[in-house]
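This report concerns only the one structure given below.
The values are calculated or read from the model by the stated rules, or taken from the named source; none is laboratory data. Just so we're clear, the structure is a prediction, and the values are computed from it rather than from any experiment. Every residue, glycine among them, receives a Cβ derived from its backbone with ideal geometry; neighbour counts consider all protein chains shown.
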Amino acid sequence: MTLEELIKKAEDTGFSHVGPVNMDALEFLPAVRDMCADGKCGAYNKKWSCPPACGTLEECAEKVKGYTAGILVQTTAELEDSFDFEGMAEAGKKHGQLFMQLHKELTDVGEKCYFMGTGGCTLCKECTYPDAPCRHPEIMVSSMEANGLLVSDVCQKSGLPYYYGKDTLTYTAMVLI
């Protein structure tokens, strides 16, 4: 699949914004992992998709070697105000559904892709980590942050906005080919 075909497929899936990722922007930063360890989202050491289970920064960087291009996909929601938690949750759910749809479509046709989603995996009501293996390793996806990427920087260096104005919220994920 070409980059142009991947962009078209993502646009057809329904994301708000799609653009090529600058592969040089993929910097695996200890500071991002430190935010995970500080408990910013509450999933650190609780999910297979999150640190430390998803691998060291070095292992994450190694996983992307061999991929030469990719896209950023975004879902942007207009919120009633900065306290519109229902709108935020709705946008997150929509983004997750679109991302999993794209994931399925690409894997169903045999595309070799590396997926980095948004937030911790939500496939199971309760993750088996660390007591048992992941129930869905073939579709479980770690987030860009879990991989040590600062999403705003990756977007900026790729020429794709991260912020779309007052009372908006944007979820970003990535697919490498």
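Overview of results
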{"item": "Contacts under 7 angstrom Cβ, first residue in the range 100-127 being aliphatic (A, V, I, L, M), partner surrounded by fewer than 14 Cβ atoms within 10 Å (Cβ to Cβ), 6 or more apart", "result": "LEU123/HIS136"}
{"item": "Inter-residue pairs, beta-carbon under 8 Å, first buried (at least 18 other Cβ atoms within 10 Å of the Cβ) and among the aliphatic types (A, V, I, L, M) and in the range 25-48, second in a helix (DSSP H, G or I) and modelled with pLDDT under 90, 6+ apart", "result": "ALA43/CYS36"}
{"item": "Selection count where residues are assigned to a loop (DSSP other than H, G, I, E, B) and β-branched (Val, Ile, Thr), scope the range 140-177", "result": "2"}
{"item": "3 or more residues acidic (Asp, Glu) and under 18 Å from PHE99 (Cα atoms): qualifying helices (runs of 4 or more DSSP H) within the range 2-79", "result": "3-13"}
{"item": "Residue selected from the range 50-71 under the condition in contact with a Gly (Cβ under 9 Å, 6 or more places away or on another chain) and closer than 24 Å to VAL18 by Cα, by the criterion surrounded by the most Cβ atoms within 10 Å (Cβ to Cβ)", "result": "ILE71"}
{"item": "Qualifying residue in the range 135-152 (condition: free of Cβ contacts under 8 Å to residues at least 24 places away in the same chain, surrounded by fewer than 20 Cβ atoms within 10 Å (Cβ to Cβ) and over 22 Å from GLN101 (Cβ atoms))", "result": "yes"}
{"item": "Residue check for GLY87: within 26 Å of PRO133 (Cα to Cα), out of contact with any Pro (no Cβ under 6 Å at 6 or more places or on another chain) and not in a strand (DSSP E or B)", "result": "no"}
